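No value in this document is a laboratory result; all are computed from the given coordinates. Just so you know, these numbers come straight off a predicted model, no measurement behind them. Quick reminder, even Gly has a Cβ in these numbers, built from the backbone with ideal geometry, and neighbours come from all protein chains shown.
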Amino acid sequence: MNSLRDVLSGGWIFLGLVLAASASGAQGTVAPVIKGMTVSCQTSGWEWATPEMAKTLDELKSLGVNSIAIHPYAQIQNDGHVRFRTDDNFRHVSVPLDWARERGLSVMLIPHIAYWGTKFLWRGEINFETKEEWDRFFGDYQTWIVQMAKLAEAHGAETFCVGLEFTFAQKFDARWREIIAAVRKVYRGKLTYGGNWDSFQEVTFWDALDYIGALAYFPLTKSENPTEAEIAAAWQKKCAELSAYSKAHGHKKFLFVEIGYNVSARAAAEPWAFKMGGDHAEKIQQRCIDVALDLPEHCPAIAGMYWWKWFPELPSREEENYKLQTPAIKALIAKHWK
């Protein structure tokens, strides 16, 4: 498999030089690239406080990962209420934050709304018909998100994501500015919000945040068995678009709060799709990952990324989609990041 530098070196070098000059002139010293991995869970998060989590952090660091993300949950209700647990004083969150800091890993805390068991099929469908329901949602949500921000501050999380994928809720600009202001009062790190790949441009409050956050499941190519060159060409075009958007917003950098590719023949065409399998699925996934790991080097508008997803190696763990824990993918991560 040829490297990204080999397949499109000329175009990438030109684009990179132009964008790097623009970014350095606007922002001064370039910060280290965030080489992040989301460590996920199959329950409410108790896995993050197990010995297996400590081993996971050690392994990720050995591969060159310099930051991890975890996503504590609150549960949305059909009437707008947001419920969250406090029974263990959030130990399932504080313990991994402390372990990461001890290992020299930075952390992004990215609280998630759980929607399963409700009428909503994903966070982008959370929507209400009445003002009372919206008031209920934003009131509860702000209470929870500020609680999470206090936890992030107390345990040294460098980045905090105030929300993600809220296609309908993100239209309430004043509400989000209120939430962001409340978080700023208790948290001193960097803030972002995760706009979905197809709707981040609809977000109107990027000026109140430190990063333009995106779930980077951008469709790349419809080719049935795309080559690395095709995938790289698609990203080159996308990076030009992201850089223009960044420039229009004061050279604020993008942070990919999620990026991932399933084991799927459609990984390059529909990176967001859960369906697995098909011809050349593993190779297509690996090509997509191989190209994307190197993106910040060629696109200075990208501050870094968090890959979706990794799991602590617990004995009863079921098979998951978007699996990254394979020898081939570990080797790719180490090749680019170690």
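Among the residues making up segment 300-338, those that are assigned to a loop (DSSP other than H, G, I, E, B), within 17 Å of the chain's Cα centre (by Cα) and not polar (S, T, N, Q) are Ala301, Phe311, Tyr322, Lys323, Leu324.
Residues of segment 244-259 that are buried (at least 22 other Cβ atoms within 10 Å of the Cβ) and either part of a helix (DSSP H, G or I) or on the phi > 0 side of the Ramachandran plot (or both): Ser246 alone. Taking the criterion of being more than 18 Å from the chain's Cα centre (by Cα) and of a type outside the set (Phe, Trp, Tyr), the residues of segment 97-125 that qualify are Asp98, Arg101, Glu102, Arg103, Gly104, Gly117, Thr118, Lys119, Leu121, Glu125. Across segment 62-118, the qualifying residues are those that are polar (S, T, N, Q) and over 18 Å from Phe168 (Cα atoms), and the one among them that is surrounded by the most Cβ atoms within 10 Å (Cβ to Cβ) is Ser67.
Are any residues in segment 49-95 in a loop (DSSP other than H, G, I, E, B), more than 18 Å from Ile34 (Cβ to Cβ) and among the hydrophobic types (A, V, I, L, M, F, W, C), and if so, which ones? Residues satisfying the conditions are Phe84, Phe90. Please verify whether segment 231-243 includes one or more residues that are on the phi < 0 side of the Ramachandran plot and in contact with a strand residue (DSSP E or B) (Cβ under 7 Å, 6 or more places away or on another chain). Yes; the residues of segment 231-243 include at least one that is on the phi < 0 side of the Ramachandran plot and in contact with a strand residue (DSSP E or B) (Cβ under 7 Å, 6 or more places away or on another chain). Return a yes/no flag: does segment 261-277 have any residue that is surrounded by fewer than 19 Cβ atoms within 10 Å (Cβ to Cβ) and assigned to a strand (DSSP E or B). Yes, segment 261-277 contains a residue that is surrounded by fewer than 19 Cβ atoms within 10 Å (Cβ to Cβ) and assigned to a strand (DSSP E or B).
Can you find even one residue in segment 217-231 that is in contact (Cβ under 8 Å) with a residue 60 or more places away in the chain, buried (at least 17 other Cβ atoms within 10 Å of the Cβ), in contact with an Asp or Glu (Cβ under 7 Å, 6 or more places away or on another chain) and in a helix (DSSP H, G or I)? So far as segment 217-231 goes, yes, one or more of its residues are in contact (Cβ under 8 Å) with a residue 60 or more places away in the chain, buried (at least 17 other Cβ atoms within 10 Å of the Cβ), in contact with an Asp or Glu (Cβ under 7 Å, 6 or more places away or on another chain) and in a helix (DSSP H, G or I).
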